[in-house]
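Taking it in order: structure first as structure tokens, then the write-up.
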Amino acid sequence: MTADSAAVLASEARALTAEAVSALEVASSVAELTAARPDLLGRGSPLTGLRRRLGALAPEDRPLAGRALSEALATVESRYDARLEELRAAERRRQLEAERLDLTELPEPPQVGRLHVITQTLQRLEDVFSAMGYTVAEGPEIETEWHNFGALNFPPGHPARDMYDTLYVDHGPPGSTLLRTHTSPVQVRVMVNQPPPLYVVAPGRCYRQDTADATHMPVFHQIEGLVVDDGITLGDLAGAIETFTTAYFGPGFTSRLRPSYFPFTEPSAEFDVQRPDGTWLELGGCGVVHPSVLEVCGVDPERWSGFAFGFGIDRLAMLRYGIGDLRDLWTNDVRFLEQF
Ligand code: PHE
């Protein structure tokens, strides 16, 4: 002990300071550094231990050695604080980096949906007829035999029923309920429910027993037209068809009527549309509403007369959009649908 002197203590203090400083520089995290603090600066640390040896020094040596020790502790303390701040900052940076959202690489834009090509066609047809003063009506797809046939002048067993390959529904007495084979039952529903004058179109799904191929489907769409007013004639029908043809297809198109037969119109006709290249497209059926139909629906045939027409929408869409196979309209393949 007697060998101790201020110089020895001071040199030990310098050595311990250097050791402590390199130890705290090595600490690589806040946790590691704070865990090392007792060994570097705590009561049991070698540097603090030197203090206990001050008492053994000659009294005149003590202030000098004491100052050297205090300086050593202050150095380690301040290096410790600096290192702590440095490690904290590094950890904050790492956390921010980890939580950063990279907004420079956006994911693929979401696919935007669109209306089905048949819906688009329906809406365009509705627009054209609205502009001609018609309102839009709707009827059920599951119909009574009476609305689909009876009220439309097809008596039971009438051969014209064979034109429609009807799908019957197992509901009520056999043969009383069916999937509508055309939109014409909506004529009946409109006349039963509303007094003339009537200017109505009714688009919707229809069903017939049919094997699916490129041009036939057991489910298809029609649009029905019905006008009932004062003194309506076949001429009004031809005019309405012609107006519709140019409004929907364009100025280069014209229409014609060919005699035909439907039990619920008299006279009846098929109507065709002529394309600018001169070729004809068969579109649908039409005619002057049969007086018995008016009567059965509660419309006085002495007072009112009317015309009706109906045509398929799917073939129209095929034509307009160049669709080759009707079945593509039902498979819901996005690659097909997104073309329209
Ligand atoms: N409903 C008939 C059909 O589907 C078409 C039609 C409608 C004919 C209106 C005349 C009047 O064949």
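The values are calculated or read from the model by the stated rules, or taken from the named source; none is laboratory data. Not measured: the values here are computed from a predicted model. No Cβ is skipped: glycine too gets one built from the backbone with ideal geometry, and neighbour counts run over all protein chains shown. Heavy atoms of the whole protein, side chains included, go into the accessibility calculation; ligands, DNA and RNA do not. Shrake-Rupley method; radii C 1.70, N 1.55, O 1.52, S 1.80 Å.
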Applying the Karplus parametrisation 6.51 cos²θ - 1.76 cosθ + 1.60 with θ = phi - 60° to the phi angles of the range 51-67, what ³J(HN,Hα) value in whole Hz is obtained for each residue in order, glycine and proline being reported as x? 4, 5, 8, 4, x, 7, 7, 4, x, 6, 7, 4, x, 5, 5, x, 5
Protein-only accessible surface order, largest first, of L167, L40 at 1.4 Å: L167, L40
For S260, the residues 5 or more places away or on another chain with a placed amide H closer than 5 Å to its own amide H are S268, A269, E270
Can you put V186, V136 in order of accessible area, largest first, using a 1.4 Å probe? V136, V186
Need the C-alpha centroid separation for the range 83-140 versus the range 1-69, integer Å. 67
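Would you calculate a helix-derived [θ] at 222 nm for the chain, using -39,500 (n - 2.57) for each DSSP H run of n ≥ 4 and dividing by the full residue count, to the nearest 500? Walk me through the intermediate numbers first.
On the way: 11 runs with 139 residues, N = 340.
Theoretical 222 nm ellipticity from helices: -13000 deg cm²/dmol.
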If unit charges are put on Cβ atoms (+1 for Lys and Arg, -1 for Asp and Glu) and the dipole of the range 1-55 is taken about its Cα centre, the option from L50, V30, T17 lying farthest towards the positive end turns out to be L50
For the range 90-96, take each phi angle, set θ = phi - 60°, evaluate the Karplus expression 6.51 cos²θ - 1.76 cosθ + 1.60, and give the result in whole Hz per residue in order, putting x for glycine and proline. 5, 5, 4, 4, 4, 5, 4
With all protein chains present and a 1.4 Å probe, the order of T135, T17 from largest accessible area down is T135, T17
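Would you mind working out the accessible area per residue for the chain, using a 1.4 Å probe, and quoting it in Å²? Walk me through the intermediate numbers first.
On the way: 18360 Å² over 340 residues.
Accessible surface, normalised per residue, equals 54 Å².
About its Cα centre, how strong a charge dipole does the chain have in debye, to the nearest 20, once Lys and Arg get +1 and Asp and Glu get -1 at the Cβ? Display every interim value, and only then the final one.
On the way: 30 positive and 48 negative charges, 343 e Å.
Dipole about the Cα centre, nearest 20: 1640 debye.
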Dividing the Cα radius of gyration by the Kirkwood radius, what Rg/Rh value follows for the chain? 1.72
Explain nothing, just compute: Karplus ³J(HN,Hα) = 6.51 cos²θ - 1.76 cosθ + 1.60, θ = phi - 60°, for every residue of the range 118-133 in order, whole Hz, x for Gly and Pro. 5, 4, 4, 5, 4, 5, 5, 4, 4, 4, 4, 6, 4, 5, 8, x
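Counting only protein heavy atoms and a 1.4 Å probe, tell me what percentage of the chain's accessible area is made up of carbon and sulfur. Provide the component values of the computation, followed by the final result.
Numbers: 10000 of 18360 Å².
It is 54 percent, rounded to a whole number.
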Could you give the dipole magnitude of the range 3-100 about its Cα centre, charging the beta-carbon of Lys and Arg +1 and that of Asp and Glu -1, in debye to the nearest 20? 180
